[in-house]
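A short worksheet on the structure shown next.
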Amino acid sequence: MCAARAANGGPCPQFSPWTAVYYFYRWQRLGLRQRLNKVINALDRMAHERTPTPALACVDSQSVRLAPRIYEHRGLGAGKLVNGRKRQILTDSSGRIWAAHVHAAHRHDSTGALAMLAHRT
């Protein structure tokens, strides 16, 4: 329990307001952030006289070390011997991010890339 809340009965300053957390998870469940990203990217591409969806995409990954006490979704990446997570992004030729995926570092890049491509379509 937060010491500030116990002292004055008010909200804990370390946490976001409950409404922000509620709407974040609601939008995540509805897939609203992904749909907004797709629409904004398509509008930006059309503003630059390009087709709404890219014909060519680039997938890249980065392994990230985690703090010793974080145990959720972590693994030892064989290539770089990084104990942590791997983040992958799918971009078009202009650098617009179309999808992002985070998974344990021991999983191969192809599994994360296939998950991103399946989720994007």
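The values are calculated or read from the model by the stated rules, or taken from the named source; none is laboratory data. Everything quoted here is computed from the prediction, not taken from an experiment. Please note: Cβ atoms are built from the backbone with ideal geometry, for glycine as well, and neighbour counts cover all protein chains shown.
Values as computed for the structure displayed
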item	result
The stretch 4-22 residues that are surrounded by 10 or more Cβ atoms within 10 Å (Cβ to Cβ) and assigned to a loop (DSSP other than H, G, I, E, B), paired with ones that are of a type in the set (D, E, K, R) and modelled with pLDDT under 85 (beta carbon under 8 Å, 6 or more apart)	P11/R5; C12/R5
Selected residue (criterion: farthest from R107 (Cα to Cα)) from residues of the stretch 49-64 that are surrounded by 11 or more Cβ atoms within 10 Å (Cβ to Cβ) and among the hydrophobic types (A, V, I, L, M, F, W, C)	A57
Strands (runs of 3 or more DSSP E) contained entirely in the stretch 72-121, each with at least 3 residues that are surrounded by 14 or more Cβ atoms within 10 Å (Cβ to Cβ), modelled with pLDDT of 80 or more and not charged (D, E, K, R)	82-92, 97-104
